[in-house]
Amino acid sequence: MRLRYLGTAAAEGIPAVFCRCPVCAEARRLGGRDLRTRSQAIVNDDLLIDLPPDTYAHYLAYGFDLPGITELLVTHSHTDHFYATELEMRCSPLAHPEPPVMRIYCNEAVEAKFHRSMPPKHNVEKNFSIVRARPFVPLAIRDYSVVPLLARHDRAEECLLYLISSGGKTLLYGNDTGLFPDSTFDYIERSGARIDLASFDCTAMGQRDGKNHMGLADVAEARERLTRIGALGAGAACVITHFSHNGRLTRPQLEEAAAKEGFLVAYDGLSLEL
Ligand SMILES: [Zn+2]
Ligand SMILES: [Zn+2]
Ligand SMILES: [Zn+2]
């Protein structure tokens, strides 16, 4: 299984779209890996995770087959994870030939946002099938077993992270999770999952949070708990992503702090083999 990070920033990007703070100024000066677009990832070129406003830019930059993607996992309804307006373009005569039906696996809030956002013109909705992702209820998607898990984020909806297994490998992918609720740790323990790669929310960088996002100390706590329940072996990779400039570390500072914990810092375009 291959995981590719298409975007690794929180909602405002790094540099943030309208910001002049020192972290954003330094990112603009350094360029390259210091520039982060809104979070999105793709598994094996056929399972897309989240649909941020930068999806189109990711398509141009990384050349994956966006018109051919039929499986989309969505973590929650915030605009940096579900920019529904873009899906208006996924119909004839704006796309030729008429795209295949895309299944969107999501919570109730994402489904409501989808229906609110689709104009009746061109009957766009016929090109989509909404599949409700319920916490701890496995979904069979192509060759993947995908289990939605509960995150600790916006209390107004059931924000999710995903446990994805295929070919004997298991990936845990989250962003905007906070420190996972007990029910998520309990499910992972009961399931007997052995995670090969865990990708954690680290919005707050060096600061503690845990309630809506995570910082390095929260990620270390999550890793420790996953290790204790036998889900993370010594050889498992721990990666951090979904960064905000309000974490107040530049990329080199973040990489130095993360290295002390043994975490790999994701960057836009990073591809990892499990
Ligand atoms: Zn986010
Ligand atoms: Zn800034
Ligand atoms: Zn969010």
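The values are calculated or read from the model by the stated rules, or taken from the named source; none is laboratory data. In this text the structure is predicted, and so the values were computed from the model without any measurement. We place every Cβ from the backbone using ideal geometry, glycine too, and count neighbours over all the protein chains shown. For accessibility, only protein heavy atoms count, side chains too; no ligands or nucleic acids. Shrake-Rupley method; radii C 1.70, N 1.55, O 1.52, S 1.80 Å.
Points worth noting:
- Against the criterion of being within 17 Å of Gln40 (Cβ to Cβ) and among the acidic types (Asp, Glu), Asp209 does not qualify.
- Residue among Val131, Val146, Val137 that is touching a Lys or Arg at 6+ places or on another chain (Cβ under 7 Å) and farther than 23 Å from His58 by Cα: Val131
- Qualifying residue in segment 83-102 (condition: of a type in the set (A, V, I, L, M, F, W, C) and under 26 Å from Arg251 (Cα atoms)): no
- Checking each residue of segment 129-146 against the condition of being away from ligand 2 (no atom under 16 Å from the Cβ), in a helix (DSSP H, G or I), surrounded by fewer than 19 Cβ atoms within 10 Å (Cβ to Cβ) and in contact (Cβ under 8 Å) with a residue 24 or more places away in the chain gives no match.
- When the criteria are applied in full, Cys19 fails the requirement of being within 16 Å of ligand 2 (Cβ to nearest atom), part of a helix (DSSP H, G or I) and at pLDDT 95 or above.
- Listed here are the strands (runs of 3 or more DSSP E) enclosed by segment 156-274 that have at least 1 residues being in contact with a helix residue (DSSP H, G or I) (Cβ under 9 Å, 6 or more places away or on another chain) and buried (at least 17 other Cβ atoms within 10 Å of the Cβ): 160-166, 169-173, 195-201, 232-241.
- Considering (1) within 13 Å of ligand 1 (Cβ to nearest atom); (2) of a type in the set (A, V, I, L, M, F, W, C); (3) assigned to a loop (DSSP other than H, G, I, E, B); (4) open to solvent by less than 20 Å² (accessible area, probe 1.4 Å), the lone condition that Ala41 does not fulfil carries the number (3).
- When we screen Ala95, Ala61 for residues that are within 23 Å of Glu12 (Cβ to Cβ) and either in contact with a Leu (Cβ under 7 Å, 6 or more places away or on another chain) or small (Gly, Ala, Ser) (or both), the only hit is Ala61.
- Residue match in segment 88-102 (condition: modelled with pLDDT of 95 or more and touching a strand residue (DSSP E or B) at 6+ places or on another chain (Cβ under 6 Å)): yes
- Here Lys126 fulfils each of the conditions (1) crowded, with 16+ Cβ neighbours inside 10 Å; (2) among the charged types (D, E, K, R); (3) more than 26 Å from Ala231 (Cα to Cα) apart from (1).
- Residue list for segment 89-109, restricted to those being closer than 24 Å to Cys159 by Cα and not β-branched (Val, Ile, Thr): Met102, Arg103, Tyr105, Cys106, Asn107, Glu108, Ala109
- Scan of segment 55-100 for residues that are assigned to a loop (DSSP other than H, G, I, E, B), within 16 Å of ligand 1 (Cβ to nearest atom) and open to solvent by less than 60 Å² (accessible area, probe 1.4 Å), ordered by number: Val74, Thr75, His76, Ser77, His78, Asp80, His81
- For segment 44-54, a tally of residues being open to solvent by less than 10 Å² (accessible area, probe 1.4 Å), more than 18 Å from Tyr144 (Cα to Cα) and part of a loop (DSSP other than H, G, I, E, B) returns 1.
- Here Lys113 clears all of (1) open to solvent by less than 10 Å² (accessible area, probe 1.4 Å); (2) within 16 Å of ligand 1 (Cβ to nearest atom); (3) part of a helix (DSSP H, G or I) except the condition numbered (1).
- The sole residue among Arg4, Arg28 that is in a strand (DSSP E or B), away from ligand 3 (no atom under 16 Å from the Cβ), open to solvent by 30 Å² or more (accessible area, probe 1.4 Å) and within 27 Å of Gln253 (Cβ to Cβ) is Arg4.
- Residue in segment 90-109 that is over 16 Å from the mean Cα position of the chain (by Cα) and within 16 Å of ligand 3 (Cβ to nearest atom) present: yes
- Residue check, Leu35 free of Cβ contacts under 8 Å to residues at least 40 places away in the same chain and either under 30 Å from Ser165 (Cβ atoms) or open to solvent by 70 Å² or more (accessible area, probe 1.4 Å) (or both): no
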